[in-house]
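I have placed the structure first, in the form of structure tokens, so that the comments after it can refer back to it.
The values are calculated or read from the model by the stated rules, or taken from the named source; none is laboratory data. The model shown is predicted, which means the values in this text are computed figures rather than measured ones. As a convention, Cβ positions derive from the backbone with ideal geometry for all residues, glycine included, and neighbour counts pool all protein chains shown. These area figures cover heavy atoms from the full protein model, side chains too; ligands, DNA and RNA do not enter into them. Shrake-Rupley method; radii C 1.70, N 1.55, O 1.52, S 1.80 Å.
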Amino acid sequence: GMEMPGMGEMPEGMEIPEMGEMPEGMEMPGMGEMPEGMDLPEMGKADGRFGGSGGGSDLVYTDDSLESYEDIFDNAAFSPTDKEKEAVIEALKNLSEGENLEQYFDVDACLRYFAAQTFIVNMDSYYSSLKHNYYLYEQEGQLTILPWDLNLAFGGFQASGATDAVNSAIDTPMGGSLEESRPLFSKLMEVEEYKELYHQYLNEIVTGYVGNGQFSKTFKTITTVIDAYVQKDATAFYGYDEYKEAIENLKQFVLLRAASVEGQLNGTIPATTEEQKN
């Protein structure tokens, strides 16, 4: 009686774009290539924000040398002092040991970040082999992860098909092979209390946003606002009919994703990649 949403039921006309199909002349900014004039919102005292360009950083602790973390510090949005760099390394060291996590990380914010990334299947992030498209916000020695560049969410990156994207495993959102090399995820998940809270936040998205109709309401509001402009847009990459078809597919994807995550949370669908394969 176990069914995973989307098995052989890809909505008609739904395709997940290949990475090679990006419109000519379009570039995805790397971390540290913020569009001119665009600033991140201030979040209290800005001691430093760090991100990775291209390959990004896995946030693995190696040693206490500042030079060992050029993948982080060479892409800082600000100019961190050595003291601020040392604070980041100290946090990563404690992360590697699974100790003092709430002292060195805003654990609640990190868990909310991971729940959202998992639900929207955003692999063009810390979750992929590129381990990029995020910022670290450091304040008084405590780190928070912030999302950046979500244009390939909803399975638009490194998904083998709609079914795999819809059923992306919530406990192994990186496909079951990268989790151990992404300590900011794996070390938090080793703490049962944090894993349960991560599941709770996923459930809040399912029930408190999709299941209660808020997603469909928001979706209708946004499409109503932009529809006429899309229809008149002379620079659009796709025709209006393609847009209409695509937004329906997007809506179906989110509804199916919610059904799958709900099933994974209640145990009717496997929550790991390995179990799903079997």
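Couple of notes before you dig in:
- Selected residue (criterion: farthest from the chain's Cα centre (by Cα)) from residues of the stretch 248-272 that are more than 13 Å from Pro5 (Cβ to Cβ), touching a residue at least 24 places away in the same chain (Cβ under 8 Å) and open to solvent by 30 Å² or more (accessible area, probe 1.4 Å): Glu248
- A count restricted to the stretch 132-155 and to residues that are open to solvent by 10 Å² or more (accessible area, probe 1.4 Å), within 13 Å of the chain's Cα centre (by Cα) and not polar (S, T, N, Q) stands at 9.
- Spans of helices (runs of 4 or more DSSP H) in the stretch 70-131 with at least 2 residues polar (S, T, N, Q) and surrounded by 15 or more Cβ atoms within 10 Å (Cβ to Cβ): 107-119
- Scanning the stretch 170-191 for residues that are of a type in the set (Val, Ile, Thr) and open to solvent by 30 Å² or more (accessible area, probe 1.4 Å) gives a single hit, Val191.
- Boolean, Gly13 is exposed (fewer than 12 other Cβ atoms within 10 Å of the Cβ), modelled with pLDDT under 95, in contact with a helix residue (DSSP H, G or I) (Cβ under 6 Å, 6 or more places away or on another chain) and closer than 30 Å to Ala236 by Cα: yes
- In the set Ile120, Ile145, only one residue is of a type in the set (A, V, I, L, M), in contact (Cβ under 8 Å) with a residue 12 or more places away in the chain and closer than 20 Å to Val88 by Cα; that residue is Ile145.
- Pairing residues of the stretch 103-117 that are within 14 Å of Val206 (Cα to Cα) with residues that are of a type in the set (D, E, K, R) and in a helix (DSSP H, G or I), at Cβ distances under 9 Å and at least 6 apart in sequence or on separate chains, gives Ala115/Glu204.
- Taking first residues from the stretch 203-230 that are in contact (Cβ under 8 Å) with a residue 24 or more places away in the chain and hydroxyl-bearing (Ser, Thr, Tyr) and partners that are surrounded by 11 or more Cβ atoms within 10 Å (Cβ to Cβ) and assigned to a helix (DSSP H, G or I), the Cβ contacts under 7 Å between residues at least 6 apart in sequence or on separate chains come to Thr223/Ile247.
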